[in-house]
Amino acid sequence: MPDFSTSPGMRDITAPESFRWRRFVDVFEHTVGLAGYDLVIPPLLEDIGVFTRLGEATDVVTKEMYDFVDKGERHVALRPEQTASICRSFVEHRPTTPFKAWYAGPNFRYEKPQRGRYRQFDQVGIEVLGSLDPYVDIEVIQLGWTFFVALGLRNVELAINSLGTPDDRARYVAALHDYFESRNADLSPESQQTLLRNPLRVLDSKRSQDAPVIAEAPLINSYWCSEAAEHFEVVCEGLNAVGVPYTLDLKLVRGLDYYRGTTFEYRGGTLDSAQNALGGGGRYDGLVADLGGPDTPGVGFAIGLDRTLLACDDENVFAAPSENADVFVVDIGDGSDALTVCTELRAGGIRAERSWDQRSMKAQMKAANRSGARFAVLIGESEREAGTALIRDLRSDEEQLSVARADLTGTLISRLSSLQGASS
RNA sequence: GUGGGCGUAGCUCAGGUGGUUAGAGCGUCAGGUUGUGGCCCUGAAGGCCGGGGGUUCAAGUCCCCUCGCUCACCCCA
């Protein structure tokens, strides 16, 4: 048994899954890059105050933070999400608005791990700071949708809602509180607890006991002021106009307290209901001001890699790519020829691998086969003396070709490119 | 934090009611072919049976504790 393994909720992403992770971010970067978003890489560690703004009543802040005091007596925390970091960065650097950023990277929450939920988990996301325009909401929601489409996912459901202005929201929360209070006896004990902390969150309960109570709960739309209702209507119409399908979910409330106005969530249709949120976001017009910046509106979303990848698995799309070598160099001598040949091939842009430890020719050929390389280049005693090399096609039975060492790279480049041309 | 299931070779897993040196398949390595991969055959390496304690003449097997994984709840991505 090994002395060490990963800490709970942490894991190694190994090949070929690691390649898939990289490609996932590549696809995301391409999608949002077309819309002009810039990459921001915030630190993993921030002053804990940056994150307590997420809401004193949220689990993310109260019990899931990885926080500690560093050697300089600073109370810091590993980020549980990146929106607050992006806003802090905005306040610190004050870029011109509208500020459009994208990010990708790990976040940390001290939770009990389970399927699709880890203590270190990666998210990709975008944020737009500095505009109240509902067309920002539309673009953000659409970009998330476009990304899922780009991955090949079909079974994604987009739910949207509006929490109205802070004032609307406060009046609604009060009404909700009164209502749930009046039905307290019908609620599950867990939801009774939730009610004490945050009435909105009771709407999230998936317990069957709570379902009838929630079904009759007051709805947010009757608390929207005309301004909020208008904003939301433009958002809905915009999504219609660009053909992004959505369902209105007046009970959609998200976990973080900073949301107001438009909120939305992407759900995987094939995942189990408990962990079906692939991503979500909304407006957080007060967050920048909360962090000490000028009153600056914001919209954004975050998408979880793990869950989205699970959804991809369920739909058999976005499979892990295979990373094969082009050429495997077999050197029957001391290995010095493989050194020079690999150097030359790699300089020519060819993915070239080799063996070490002076293994037998048979062993090296086996390794060549396993590497997935298309060609093996063989250099034995007679080739070394003659200044040649043998090129053997590992996927056909055609006779191997003897070429002068000087022509080796050029020959392989043309053979490989003609193969690539034929396959595409 | 609460509850269920599970921890045996690198991986996937066998190992009725406790009984000598713990097995298989795959993978790895070597050989069969002293310069040729895949298929086949032969062999080898590789295990504190998650850890600790207990019961027993005897524990991979039974009991307790602990750690980890996993599923669900909670919450969230």
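The values are calculated or read from the model by the stated rules, or taken from the named source; none is laboratory data. What you are looking at is a predicted structure, and each value in this text was computed from that prediction instead of being measured. Glycine gets a Cβ as well: all are built from the backbone with ideal geometry, and neighbour counts include every protein chain shown.
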Inset, instruction - Check the stretch A:260-269 and report whether any residue there is modelled with pLDDT under 95 and within 7 Å of RNA strand B (Cβ to nearest atom). - result: yes
Legend entry - A:VAL76 vs. criteria more than 15 Å from A:GLY125 (Cβ to Cβ) and either surrounded by 22 or more Cβ atoms within 10 Å (Cβ to Cβ) or without any contact (Cβ under 8 Å) to a residue 40 or more places away in the chain (or both): yes
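Looking at A:VAL50, A:VAL27 in this structure, which one is among the β-branched types (Val, Ile, Thr), within 15 Å of the chain's Cα centre (by Cα) and part of a helix (DSSP H, G or I)?
Numbers: A:VAL50 fails: within 15 Å of the chain's Cα centre (by Cα).
Of the residues listed, the single one that is among the β-branched types (Val, Ile, Thr), within 15 Å of the chain's Cα centre (by Cα) and part of a helix (DSSP H, G or I) is A:VAL27.
Could you list all residues from the stretch A:316-339 that are within 37 Å of the chain's Cα centre (by Cα), among the acidic types (Asp, Glu) and at pLDDT 90 or above?
Our first condition is that a residue be within 37 Å of the chain's Cα centre (by Cα); within the stretch A:316-339, this holds for A:316-328.
Checking which are among the acidic types (Asp, Glu) leaves us with A:323, A:326.
Passing the criteria: only A:ASP326.
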Inset, instruction - Among the numbered conditions (1) among the hydrophobic types (A, V, I, L, M, F, W, C); (2) touching a residue at least 60 places away in the same chain (Cβ under 8 Å); (3) within 16 Å of RNA strand B (Cβ to nearest atom), tell me where A:VAL27 comes up short. - result: (3)
Inset, instruction - Would you be able to say whether some residue in the stretch A:62-81 is assigned by TED's automatic domain parsing to the domain that holds A:GLY144 and part of a helix (DSSP H, G or I)? - result: yes
Legend entry - Residues of the stretch A:88-100 satisfying the condition of being closer than 21 Å to A:ILE138 by Cβ and under 21 Å from the mean Cα position of the chain (by Cα): A:PHE99, A:LYS100
Inset, instruction - Give the residues of the stretch A:35-47 that are without any contact (Cβ under 8 Å) to a residue 40 or more places away in the chain and out of contact with any helix residue (DSSP H, G or I) (no Cβ under 9 Å at 6 or more places or on another chain), sorted by residue number. - result: A:LEU45
Inset, instruction - Filter the stretch A:82-97 down to residues that are more than 17 Å from A:LEU256 (Cα to Cα) and either modelled with pLDDT of 95 or more or in a strand (DSSP E or B) (or both), then give me how many there are. - result: 8
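Tally time: how many residues in the stretch A:190-222 are within 22 Å of A:GLY55 (Cα to Cα) and more than 10 Å from RNA strand B (Cβ to nearest atom)? Talk me through it step by step, then tell me what you get.
Just the residues of the stretch A:190-222 that are within 22 Å of A:GLY55 (Cα to Cα), to begin with: A:190-205, A:220.
After this cut, where a residue has to be more than 10 Å from RNA strand B (Cβ to nearest atom) as well, the list is A:192, A:196, A:199, A:220.
Matching residues across the stretch A:190-222 total 4.
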Legend entry - Elements of type strands (runs of 3 or more DSSP E) in the stretch A:359-410, at least 2 residues being exposed (fewer than 15 other Cβ atoms within 10 Å of the Cβ), more than 8 Å from RNA strand B (Cβ to nearest atom) and more than 45 Å from the chain's Cα centre (by Cα): A:401-404
Legend entry - Count of the stretch A:150-206 residues which are farther than 20 Å from A:LEU219 by Cβ and touching a residue at least 12 places away in the same chain (Cβ under 8 Å): 10
Inset, instruction - Output the residue which, of all residues in the stretch A:159-203 that are buried (at least 21 other Cβ atoms within 10 Å of the Cβ) and part of a strand (DSSP E or B), is farthest from the chain's Cα centre (by Cα). - result: A:SER162
Inset, instruction - Output the number of the condition that A:LEU419 fails; it satisfies all remaining conditions of (1) of a type outside the set (Ser, Thr, Tyr); (2) modelled with pLDDT under 95; (3) near RNA strand B (Cβ under 7 Å from one of its atoms). - result: (3)
